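Read through the structure below, which is laid out as structure tokens, and then see the notes.
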Amino acid sequence: MTVDPNAVTQDFPSPRPGHRRPSPARYLVPALVAGAVAVGLGAYGKVHDPSGTAFNLAGFHSTGAVKSWLATGAIFFALVQVASAFMVYGKLPGPAWSSALHRRSGRVAFLLAVPVAVHCLYAMGYQTYGTRVFLHSVLGCFFFGVFSAKMLLLRSERLPGWLLPLVGGVVFAALTIIWLTSALWFFRTFGVTT
């Protein structure tokens, strides 16, 4: 059985003549929040004096290893979320609990990404000294902005059926490139260590 995540919005009757169409604010507000979050994070990272380190966990030899493994966990759960989204939308066969798996894997991915972002912003700031680092900084801020927009859009009614999958795909693409420019780079440069 598949569950359509937009089922609530699709059951609304067509607007009757004389009734106003839904406000474009349902799209504008999430877009403005996304921009504000991304710019705010980037501005903080740029003006903050980087400390060099924010945390370390026992069992890891460096903060780079901690961040790389947390980011790898985040990308793993993001892949689970993509697969479960295909199940929810009926593109792949899946169990009845696919929507619960989708929500929970997204939460875990986000919770793993937050300490990485906090460390990046606090310890390193917004850097532009190389293409990889610049792309990582831009996409790190963009990721949290577009993620914020997605969370706001989830509560909006009468969305087009293509909008949430598109925004979710952008969130996943941003996280993937962030992982490629950080954790994969770290593992290739320093080896797969803890």
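The values are calculated or read from the model by the stated rules, or taken from the named source; none is laboratory data. Please read all numbers here as calculations on a predicted model, not as lab measurements. Neighbour counts are summed over all protein chains in view; Cβ atoms, including those assigned to glycine, are modelled from backbone coordinates with ideal geometry. When the accessible area is computed, the model is the full protein with side chains, heavy atoms only, and any ligands, DNA or RNA have been set aside. Shrake-Rupley method; radii C 1.70, N 1.55, O 1.52, S 1.80 Å.
Worth pointing out:
- In Å², nearest 10: area of HIS136 left accessible to a 1.4 Å probe: 40
- Proximal lysines to LYS67, defined as alpha-carbon separation beneath 30 angstrom and excluding residues fewer than eight positions away on the same chain: LYS46, LYS150
- Cβ-derived FRET efficiency at R0 22 Å, LEU166 paired with ARG104, nearest 0.05: 0.50
- With bins 5 Å wide beginning at 0, the percent of Cα pairs of region 49-194 falling in each bin runs 2, 9, 17, 21, 19, 13, 9, 6, 3, 1.
- Rg ratio (alpha-carbon, reference 2.2 N^0.38 Å) - region 108-194: 1.23
- Accessible area of region 31-158 belonging to carbon and sulfur atoms, whole % at 1.4 Å probe: 71
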